[in-house]
Amino acid sequence: MNSLFTPLSWSDSGLILTGVWNTIIISVVAIVVGTILGLIVGFLRAESNRAVNVLFGSVLDVLRSVPLIIQLILFSTFVGAMGNPLAPFVAGSIVLSLYTMAFMSEVFRSGFESVSPSMQTAARSLGMTKWQTIYHIRLPIGLRAVFPSWLGVALSVIKDSALVSVIGYMELLRTSEQLISRTQQPLEILIGVGIFYFIISYPLSHYGRYVERKMAI
């Protein structure tokens with residue numbers, strides 16, 4: 001049986017690097033799109049009445065409560081059944097971005113609501129319009145307050161991107177599974193995968209701490 005399997009070789013590095021690159025790409029897409037959508041939804045929730053909040057909240061609760069792996073499978077299966085199958089990258093990016101948005105929206109909503117009404121009243125008394133108050137007061141103060149939480153969500157997205165492998169996307173975990181099935185060396189490969197995830201996540205985490213110090217959070 002051992003003759004059926006071959007050890008890792010330098011030729012496998014191309015497959016591993018492809019997995020690393022694909023993980024970075026889908027993570028960046030999900031973080032950027034999820035942050036933008038989360039900022040918009042978070043602001044709308046902070047500014048809207050109770051009825052709108054309930055509507056938004058119900059959708060966001062579903063996205064946050066249903067496991068990501070189930071969302072990926074259901075979405076991919078649904079669009080395929082409708083006769084419009086999407087590439088794994090596209091389907092994974094859509095689901096992962098919406099999943100990210102659900103968490104980012106709560107982060108930004110709490111940031112907007114953390115700005116005291118007295119500070120907003122003071123800005124208006126100085127002659128600022130509503131949108132000037134939002135742009136110059138609520139937005140910078142709110143984003144500064146929630147940066148650590150945003151960073152935590154972003155790091156979680158990088159790790160959650162591994163679940164996109166269930167719909168066939170060739171990210172780092174998927175490529176490692178292929179190598180394990182061929183070489184039967186799970187310990188070495190999984191340790192290497194863990195190191196690669198650390199290499200991907202550490203710069204963001206390190207830069208986040210630098211930004212926190214600069215902002216004196």
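Listing for the model above:
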{"read-out": "Accessible area in the full protein assembly, largest first, 1.4 Å probe, for Val29, Val164", "value": "Val29, Val164"}
{"read-out": "Calculated FRET efficiency for the pair Glu47/Ser116, C-beta based, R₀ 25 Å, to 0.05", "value": "0.95"}
{"read-out": "Among Phe89, Ser161, Val28 the positive-end extreme of the charge dipole of the stretch 10-215 (Cβ point charges)", "value": "Val28"}
{"read-out": "Solvent exposure of the stretch 10-215 as accessible area per residue, Å², 1.4 Å probe", "value": "54"}
{"read-out": "Anisotropy class of the stretch 87-131 from Cα gyration tensor, a/c 1.5 cut", "value": "prolate"}
{"read-out": "Modelled FRET efficiency - R0 30 Å, Tyr135 with Ile69, Cβ distances, 0.05 increments", "value": "0.15"}
{"read-out": "Carbon plus sulfur fraction of accessible area for the stretch 10-215, probe 1.4 Å, in percent", "value": "70"}
{"read-out": "Ellipticity estimate at 222 nm from DSSP helix runs (n ≥ 4, -39,500 (n - 2.57)) divided over the chain, nearest 500", "value": "-26500 deg cm²/dmol"}
{"read-out": "For the chain: relative contact order, % (alpha-carbon pairs under 8 angstrom, 6 or more apart)", "value": "32"}
{"read-out": "Largest to smallest accessible area among Met170, Met82, Met101, Met119 [probe 1.4 Å]", "value": "Met82, Met119, Met170, Met101"}
{"read-out": "Largest-first ellipsoid semi-axes for the chain, taking √(5λ) over the Cα gyration tensor eigenvalues, angstrom", "value": "41, 22, 11"}
{"read-out": "Computed E for Phe78/Leu55 - FRET, C-beta separation, R0 22 angstrom, nearest 0.05", "value": "0.50"}
{"read-out": "Simple label model, 7 Å out from Cα along Cβ direction - Leu204 to Thr18, nm", "value": "2.4"}
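The values are calculated or read from the model by the stated rules, or taken from the named source; none is laboratory data. Small disclaimer: the values here were computed from a predicted structure and weren't measured. Glycine gets a Cβ as well: all are built from the backbone with ideal geometry, and neighbour counts include every protein chain shown. Surface accessibility is based on the protein's heavy atoms, side chains included, excluding ligands, DNA and RNA. Shrake-Rupley method; radii C 1.70, N 1.55, O 1.52, S 1.80 Å.
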